[in-house]
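Taking it in order: structure first as structure tokens, then the write-up.
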Amino acid sequence: MPLELKYKEDLGKPKQFNPNFSGPISKRRPRDICCLLLFIIFWVIVFAIFGFRVVNPSTRGDPRRVFQPMDSYGRFCGFDASQQVETAITWEQITKIRNLADTTGADTDFPTKYASYTVDMDNAILDMTDFDSLWFPATTLSLDDCVCVRSCPDFSMPNGLDEIDLTDLSLFGCVCHPDFEYLTNQTTSSFAHGDCGSLGSGSYGDLYDKLCYHVVYDSVSSIVLANRCWPSDITSIKSEEIKNTIYELFDDSSISSLFMDLPNSWYFILIGLGIAVALSFVWLVVMRFFAKLLIWATIWALFLILIVFAAFATYQAYNTYTVYSDLSNPPSAATRRLVIAIALAAVPWVAMLVFIALLCFFSPRINLALAIIVEASKAIASMPTIVFYPFIFLGLAVICLAFVGVTILYALSAVEMTSFSGHRDWNLNYYDYAILGLLTFFFYWVSFFIMGVCQTVIAGAIAQFYWRRDKNKIYWLDIPRAVVRTILFHLGSIAFGSFLIATIAWARFVLNYVKKRVKAMNTPPAKTLMRVINCLMYIFERILKYITRMAYIEIAVYGYSFCTAAKRAVQQLLRNVARVAAINVIGDSLLILGKVFVAVTSGLVVAILVYFISPTGSSGGFIAPMLITGVVGYLFSHLFMVVYEMAIDTTFMCFVEDVEKNNGTPARPYWCGNNLRAHITKSDRAGI
């Protein structure tokens, strides 16, 4: 009796035999035009924002305001007066300094000398052009006060100021501080009244010199990271929590050993990336010829691990029993220990029984999953250039997302800011929230849209291979044809699907933002509720992504609209739940194993090369090249595995439809390859 899949009416009827069907249909029409128009409208809006915030000189933002450090008085380090925020320190603070000048003894002529100035000097103290680094003067890294400095301290202060040569100005950091009284009241500070460098020009130059001093605090030797001074010697920090957190990261010896050879190791990194690409191809071959061996070896390894764990737990429980069995009246603690030991011994045995039951149930489906993986490997081998298409779409995604990202950055930098102890805060109004919300949503939409286009193209090419009788040739035009079909007819459907995913992803982003901003949500019940909601939304997002991917396969083959394709895909998946589970578990296991294999192997090869060839490799300089190669190699292998994952899903969906439409007779032969065809016969006998 031929294989006939059982189904329920509410899961839809299986597709019927069509003698004229031979792969992705050629007669199509554009679908979901409204979604495509909405997508285009969003692009127009983003271009308008780009012109307003990036191109227009009078309204453009300044991205440096997002990344450049800000001191405790609202001044951006490295900015001139015209670029400072309105809330930064102004002439009112300077007046206080002028009134204190004669009492401090710094310059008795200060009030008289500048009494004649009647010009507006609101911006006099705002010019931080030469002061581009942020320094926390206290060794506790207290955030109560931080100032912009010309350069970070490159020495550590001895035990007392008496050991400092106060005439040697090279030992002092040049600090431009708005509060002269603060400086003079520091018990561990000393001042040298020398030229700290001109911060301004014209008549304001002398005034700047009175506000900028060569200063020594409890300074420690520092390194500069992201225009911020970080102590080289973490042991000088009094806060143990901060010290333990950043010790390895900012310790001078750790940094030097980690990055000392990086500038001279770029060619090793390139070699490692080439190895990662080659290993990705090797893994594709391994998936084709050794997938069954890998999977069954993994299954038996898990089984042996359970046996060993069960035997060990049983042995421990037996030892516990023998210790307390001789006691006539064992204490309650001993009884509890014995019960716990027996329970722990029972867990692995129960797990092993469940494992055996699942293995017996899924064994035919595991064989089916392996056959589908082999068939997907053949499809990729018939069009080898398909593995490079994700890189093309990656380049397109980088260009588009960089454009949107730059627009977001400029829009954010144009928002009014305030400063509190060196931390900036954004004063967003409803207009700013609307603009930034739209841009962040569009960022998600564009990323999922490009991913959807890539998945639809791959699905169309793989489906063309499946629904072909001759599978032994290399076909070069399948991918270009899939690209043309996708662009001409299905961008609207992809825009619809990506819009749904982007909505959920953006909602999660907004939820996390609100959780951080609203203090009322920091209570334990609110935190728990937010975690539950976030978890549920994450699960829903993963399910929606999977359904959308399957819908893209239906779109690539039959040219449906998104809703119709999603409905048919869900019905088909529900009619084959056990097979879907087996395919996902087996396929995902092999793909993850492949990514780890490529990343670890390429990273180790680069580490060995740097260690034995580079002069500083043996002293730790191999670590950074190894990490960079491993991470980038993992990303490269992920792009290859995206093709394989989509090929497996497409082959599976085509196989299920093939079984539903045909029965293997000469009038209705199967379209699948010999491996899958043989498996259908076995499945028929097994009653799957």
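Observations on the structure shown:
- Phi-derived couplings, Karplus 6.51 cos²θ - 1.76 cosθ + 1.60 at θ = phi - 60°, listed residue by residue for the stretch 563-574: 4, 5, 5, 5, 4, 5, 5, 5, 4, 5, 5, 5 Hz, with x used for Gly and Pro.
- Amide H to amide H, with H built 1.01 Å from N, CYS146 comes under 5 Å of SER72, counting only residues 5 or more places away or on other chains.
- Segment ILE41-GLN316, extension gain: residue separation times 0.36 nm, minus the distance between their alpha carbons: 92.2 nm
- Links that overshoot a 32 Å alpha carbon limit, given the list LYS378/LYS661; LYS27/LYS292; LYS27/LYS545: LYS27/LYS292
- Of LEU412, LEU635, the sequence from fewest to most neighbouring Cβ atoms within 10 angstrom is LEU635, LEU412.
- Take the Cα of LEU604, step 7 Å toward its Cβ, do the same at LEU627, and the gap between the two points is 2.0 nm.
- Full extension of the chain between ARG677 and TYR538 yields a length gain of 46.2 nm, computed as 0.36 nm times the residue separation minus the alpha carbon distance.
- Each of LEU635 and PHE612 was given a label point 7 Å from its Cα along the Cα-to-Cβ line. The distance between the two points is 2.9 nm.
- Full extension of the chain between VAL339 and ARG29 gives 104.7 nm of extra length, using 0.36 nm per residue less the Cα-Cα distance.
- Amide H contacts of SER133 (H built 1.01 Å from N, in plane; Pro and chain starts excluded): VAL149 sit under 5 Å, all sequence-distant by 5 or more or on other chains.
- Normalised by the number of residues in the stretch 532-678, the mean separation of alpha-carbon contacts (under 8 Å, six or more apart) gives a relative contact order of 17 percent.
- As computed over the stretch 499-579, the Cα convex hull volume per residue (Å³): 97
- FRET efficiency estimate (nearest 0.05) - Cβ-Cβ, LEU477 to VAL585, R0 22 angstrom: 0.05
- Approximate spin-label separation ALA346-PHE361, in nm, with each point projected 7 Å along Cα-to-Cβ: 2.2
- Note on THR59/ILE392: beta-carbon distance plugged into 1/(1 + (r/R0)^6) with R0 of 35 Å gives a FRET efficiency of 0.45.
Rule-based calculations on the coordinates, nothing more; no lab input. Predicted model only: the values in this text are computed from it and were never measured. Counting neighbours? That spans all protein chains shown, and the Cβs are built from the backbone with ideal geometry, glycine included.
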